[in-house]
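Remarks on the structure that follows.
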Amino acid sequence: FVVKSKLFFLLLCFFVVSVSAFAADLPNGYKKYLFGMSMDEVKETIKDDSLLKNVREEVLSVRIEPDKEILTVYGDRRNGGYVEKAYFQFNEDKLFYIYLELSQKKVGYYSLLKSMTDKYGNATNLEPKKASWENDSVRIQIEKPCVLKYVDVKTWDSLSSTEADMEARKIEKIEREKFLEDL
């Protein structure tokens with residue numbers, strides 16, 4: 001029995017390591033939309049994107065704070081219709097957040113989950129209604145019903161939290177990892 005348990009444990013470890021070894025690094029954005037791009041660069045990139053409407057008048061920009069803007073773009077239903085709406089958020093004219101509402105008719109949450117797991121390995125965080133993959137600089141998150149988010153973690157953390165809040169989240173993450181290790 002002990003030999004079988006050890007063999008099972010070794011096979012399990014090999015599987016986890018092999019999945020991690022073949023998982024791709026997280027991208028620094030979505031497709032050609034890279035974190036740090038200016039709003040003008042994103043608008044130019046939209047012109048060449050077949051999934052988004054590339055008519056300049058249909059790009060809506062909203063200023064939410066002095067140094068923060070959101071660019072809203074609608075999906076191009078004639079060219080596949082996978083993206084219904086896209087939001088690009090900027091801080092000091094640098095892209096740091098991409099939010100994509102995907103067509104539930106064309107792409108489902110579980111298709112996204114399988115695709116992302118195949119590409120990036122097991123999710124860093126997996127919950128019934130969302131999953132995310134994260135490293136020190138990028139977070140990719142999918143949510144039900146069919147939302148895909150790309151986040152520049154460092155910018156997001158600097159904007160969304162005080163230093164004390166960030167420290168509390170780090171401690172919570174460490175405690176969660178310790179708890180999961182003990183299972």
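Things to note:
- Residue 147-residue 172 pseudo-label distance in nm [points 7 Å out on the Cα-to-Cβ vector]: 1.7
- All other residues whose Cβ lies under 14 angstrom from that of residue 36 are scored, Lys and Arg at +1 and Asp and Glu at -1, for a net of -2.
- Sites matching trypsin sites (Lys or Arg not before Pro) across the stretch 115-156 that sit in DSSP coil, with at most 15 neighbouring C-beta atoms within 10 Å: 129
- Solvent exposure, largest accessible area first (probe 1.4 Å, DNA, RNA and ligands not counted), of 183, 100: 183, 100
- Solvent accessible area, Å² - residue 98, 1.4 Å probe, full protein context: 0
- Amide hydrogen neighbours beyond the local backbone of residue 29, cut-off 5 Å, H modeled: 35
- By a 1.4 Å probe calculation restricted to protein chains, residue 118 has an accessible surface near 100 Å², given to the nearest 10.
- Geometric extent, Cα atoms of the stretch 85-183 - Rg, Dmax (angstrom): 14.9, 44
The values are calculated or read from the model by the stated rules, or taken from the named source; none is laboratory data. Just so you know, these numbers come straight off a predicted model, no measurement behind them. Virtual Cβ from ideal backbone geometry, glycine too; neighbours counted across all protein chains shown. Note: accessible area is taken over every heavy atom of the protein model, side chains too, but ligands, DNA and RNA are not part of it. Shrake-Rupley method; radii C 1.70, N 1.55, O 1.52, S 1.80 Å.
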